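Below: the structure, in structure tokens.
The values are calculated or read from the model by the stated rules, or taken from the named source; none is laboratory data. Just so it is clear, the model here is predicted, and its values are computed rather than measured. All Cβ positions, glycine included, derive from the backbone under ideal geometry; neighbour counts span all protein chains shown. Side chains included, ligands, DNA and RNA excluded: accessible areas come from the protein's heavy atoms. Shrake-Rupley method; radii C 1.70, N 1.55, O 1.52, S 1.80 Å.
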Amino acid sequence: MIDTAGGDKMFPPIKYQQLVYDKCAYYKFFRERGINTAPTVCISRKEYNAKKASVINKIWSKAQEWKEMFGKPVHGTDSGDVGRPWDFENKMGVQKYMANVFSSPNRYPAIVFQKFMVDFELNFPQIRLYYLGDKYHHSIVEWKTPYPNGTSRLSKPSDAKFLSKAKTFAKKVLKAVSPFYKGAPKYLTRIDV
């Protein structure tokens with residue numbers, strides 16, 4: 001069934017939209033289906049407010065275990081309020097970051113803390129694969145550079161070995177999200193690897 005609540009606009013099914021918008025649910029969904037993601041811990045606002053000291057200790061412990069990590073607010077967009085590895089160099093940094101993210105009572109319901117993969121965009125590029133339905137359309141490839149705008153570009157033949165691995169991964173993701181559509185077409189889907 002296609003959601004027609006938007007009048008003459010088409011939207012993905014609402015349950016799929018909610019999944020994509022909630023990073024904690026998103027990572028849990030894929031983990032439960034055997035799809036690899038970076039190591040992740042989710043902390044809800046409710047959990048944080050109920051036991052701040054133990055939550056801060058838990059995240060500080062992960063920061064030490066993982067060496068470097070990111071914090072991503074659930075419902076955050078465009079890198080707004082993202083915690084960078086240097087924000088978590090000490091326990092006070094963890095405390096300050098969490099207090100800042102949760103300072104507005106209705107803004108973010110949770111934070112995803114995720115291990116920073118030190119070889120990200122160095123040994124394997126970040127690839128954004130675009131599918132129309134289940135058919136691959138194109139990819140954007142990005143390698144880490146010292147330049148502020150990176151090296152985002154359309155994939156080219158020299159990316160073939162990376163694209164092959166990324167497409168294998170993407171097939172698993174497309175299969176996992178297909179039930180949300182209940183037979184309706186999947187318009188444009190972006191999968192980040």
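Nearest 10 degrees, 0 to 90: what angle lies between the long axis of helix 52-66 and the longest principal axis of the chain (Cα atoms)?
Around 60 degrees separate the two axes.
Using only the Cα atoms of segment 56-146, each taken as one equal point scatterer with no solvent, compute I(q) by the Debye sum, divide by I(0), and report log10 of the ratio at q = 0.11, 0.12, 0.15 Å⁻¹.
Reported log10 I(q)/I(0), two decimals: -0.42, -0.49, -0.71.
Give the average over all directions of the projected area of the C-alpha convex hull of segment 104-182, one decimal, in nm².
Result: 8.3 nm².
Let me have the 222 nm mean residue ellipticity of the chain computed from DSSP H runs of 4+ only, each contributing -39500 (n - 2.57), with the sum over all residues rounded to the nearest 500.
Calculated mean residue ellipticity at 222 nm is -11500 deg cm²/dmol.
Give me the dipole magnitude in Debye, nearest 20, for segment 62-152 about the Cα centre, with unit charges on the beta carbon: positive for Lys and Arg, negative for Asp and Glu.
Approximately 200 debye in magnitude.
Summing +1 for each Lys or Arg and -1 for each Asp or Glu, what net charge is found among the other residues whose Cβ lies under 13 Å from the Cβ of Lys58?
+2
Select from segment 20-76 those chymotrypsin sites (Phe, Trp or Tyr not before Pro) which occupy a DSSP coil region and have at most 14 other Cβ atoms within 10 Å, ordered by residue number.
none
Which distance in Å, rounded to a whole number, links the C-alpha centroids of segment 69-133 and segment 20-50?
12
Using a 1.4 Å probe on the protein chains only, how many percent of the accessible area of the chain belongs to carbon and sulfur?
55
Mind jotting down the three principal axis lengths of the chain based on Cα atoms? Whole angstrom, largest first.
Principal axes ranked by extent give 48, 43, 30 Å for the Cα atoms.
Taking H as built 1.01 Å from N, whose amide H comes closer than 5 Å to the amide H of Glu121, not counting residues under 5 places away?
Gln126
Based on the alpha carbons, how large is the Rg to Rh ratio for segment 88-129 when Rh follows Kirkwood?
Across segment 88-129, the Cα-based Rg/Rh ratio is 1.14.
Stretch Ser54-His138 to full length: gain in nm at 0.36 nm per residue minus the Cα-Cα span?
Additional length available on full extension: 25.7 nm.
Give, as a single signed number, the net charge of other residues whose beta carbon lies under 12 Å from the beta carbon of Phe88, with Lys and Arg counted +1 and Asp and Glu -1.
+2
Return one number: the angle in degrees, 0 to 90 and rounded to the nearest 10, between the long axis of the Cα atoms of helix 160-181 and the longest principal axis of the Cα atoms of the chain.
Tilt of helix 160-181: around 90 degrees.
Can you give the longest run of the chain that contains no GluC sites (Glu not before Pro) sitting in a DSSP loop with at most 16 other Cβ atoms inside 10 Å?
Answer from the scan: 122-193.
Suppose R0 equals 35 Å. What FRET efficiency, 1/(1 + (r/R0)^6) with r the Cβ-Cβ distance, do Ser178 and Met92 give to the nearest 0.05?
Step by step, r from the Cβ atoms, then E = 0.20.
Calculate the spin-label point distance for Tyr130 paired with Ser103, positioning each point 7 Å from the Cα along the beta-carbon direction, and give it in nanometres.
Rounded to a tenth, the inter-label distance reads 3.8 nm.
Which of the trypsin sites (Lys or Arg not before Pro) across segment 115-193 are loop residues per DSSP, with 15 or fewer other Cβ within 10 Å?
Within segment 115-193, the qualifying trypsin sites (Lys or Arg not before Pro) (loop, at most 15 other Cβ atoms within 10 Å) are Lys144, Lys182.
About its Cα centre, what dipole magnitude does the chain give when the only charges are +1 on Lys and Arg Cβ and -1 on Asp and Glu Cβ, stated in debye to the nearest 20?
460
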